[in-house]
């Protein structure tokens, strides 16, 4: 006979507790001690390890114990790619990219491969927060791991090196390292190098970089030519600077008013007022005019070499005789005058 319905017992199995969900809940609410106990007694898995590490890494004060947790979990809970992603991301957020790079170097010994997004996140942090040499060395690590550095990677390292004044190392990136990874340096990369060499007075290197750019078939624009012309003026080769202005015309890249401003400032700095006047009026004859931004730039160049006062007469002549557009007397006076008496000379003379 069958048992009474009211006395029937259910035979369905009792569900296993979801330890992973419980551990994640404890970790999310900051109950790290309870989560650690659960991990050590019931759920020593990689998934659980990653959950605890993520909770630890969310707090800068607890981040320092995360590597110890990783060691204590071995060998029953081996780290996977997600483990390293959690740790390196946290270290980069904490401005500790060198430690993050060190962790990635442990991955191959565990038969894990650092992937491209992870490598690039660490490289970006190295370029911002670590010595530039560390960032440059990390490119070699990426190559060993089968992650070839891209143009963006090389340019991030290039700018990091230049920020630290490591100009020779930066030029090696442009001239050698980029090409070895199948990356072609562009005009903008050479412009950075021309500026860096010129700022340091390394004029032979300026010539070398400019020639290297042309040999690669790159066509400089007016901005790059202006950097090169400025370097020639700074070197004291005013004749060469004026020849380069003519070469720009023949190369199909007509000089702009800033080009002429660079040469004007170079001539004034060299004490050749006559040449400065000739160059200024050559610009005007070509139909070029100094607007406010280009006049600010010209006065800035003159001020940088300590010759604004020497150029007052020339600047006033250019202003009064149609060499400016959109520049009023008050603006010019504020730019070049050292006293109200000097400014009155400008404001009392209407433009022709």
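Points to keep in mind about this one:
- Matching option when the condition is within 26 Å of residue 234 (Cβ to Cβ) and loosely packed, with under 14 Cβ neighbours inside 10 Å, among 160, 196, 168: 168
- Only one of the listed residues (136, 160, 130, 170) is farther than 30 Å from residue 204 by Cα, at pLDDT 90 or above and under 17 Å from the mean Cα position of the chain (by Cα). That residue is 130.
- When segment 279-326 is filtered for residues that are touching a residue at least 40 places away in the same chain (Cβ under 8 Å), in a loop (DSSP other than H, G, I, E, B) and under 21 Å from residue 238 (Cα atoms), the ones remaining, listed by number, are 305, 307.
- Of all residues in segment 103-144, those satisfying the criterion of being assigned to a loop (DSSP other than H, G, I, E, B) and more than 20 Å from residue 83 (Cα to Cα) are 130, 131.
Residues checked against (1) in a loop (DSSP other than H, G, I, E, B); (2) over 24 Å from residue 307 (Cα atoms); (3) out of contact with any helix residue (DSSP H, G or I) (no Cβ under 9 Å at 6 or more places or on another chain):
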site	(1), (2), (3)
190	no, yes, no
194	no, yes, no
201	yes, no, no
217	yes, yes, yes
224	no, yes, no
230	no, no, no
241	no, no, no
255	yes, no, no
267	no, no, no
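- Condition met for residue 106 (surrounded by fewer than 16 Cβ atoms within 10 Å (Cβ to Cβ), within 29 Å of the chain's Cα centre (by Cα), modelled with pLDDT of 80 or more and over 27 Å from residue 171 (Cα atoms)): yes
- Residue list for segment 203-215, filter: more than 19 Å from residue 236 (Cα to Cα) and out of contact with any helix residue (DSSP H, G or I) (no Cβ under 8 Å at 6 or more places or on another chain): 211, 214, 215
- Restricting segment 285-301 to residues that are over 20 Å from residue 337 (Cα atoms) and in contact with a helix residue (DSSP H, G or I) (Cβ under 7 Å, 6 or more places away or on another chain), the residue that is surrounded by the fewest Cβ atoms within 10 Å (Cβ to Cβ): 289
- Every residue from segment 145-157 that is surrounded by 18 or more Cβ atoms within 10 Å (Cβ to Cβ) and in a helix (DSSP H, G or I): 153, 154, 155, 156, 157
- Selection within segment 173-188: residues that are outside any loop (DSSP other than H, G, I, E, B) and more than 27 Å from residue 107 (Cβ to Cβ). The member of this set that is nearest to the chain's Cα centre (by Cα) is 188.
The values are calculated or read from the model by the stated rules, or taken from the named source; none is laboratory data. Keep in mind that what you see is a predicted model, and the values were worked out from it rather than measured. Cβ sites come from the backbone with ideal geometry, for glycine too, and all protein chains shown count toward neighbours.
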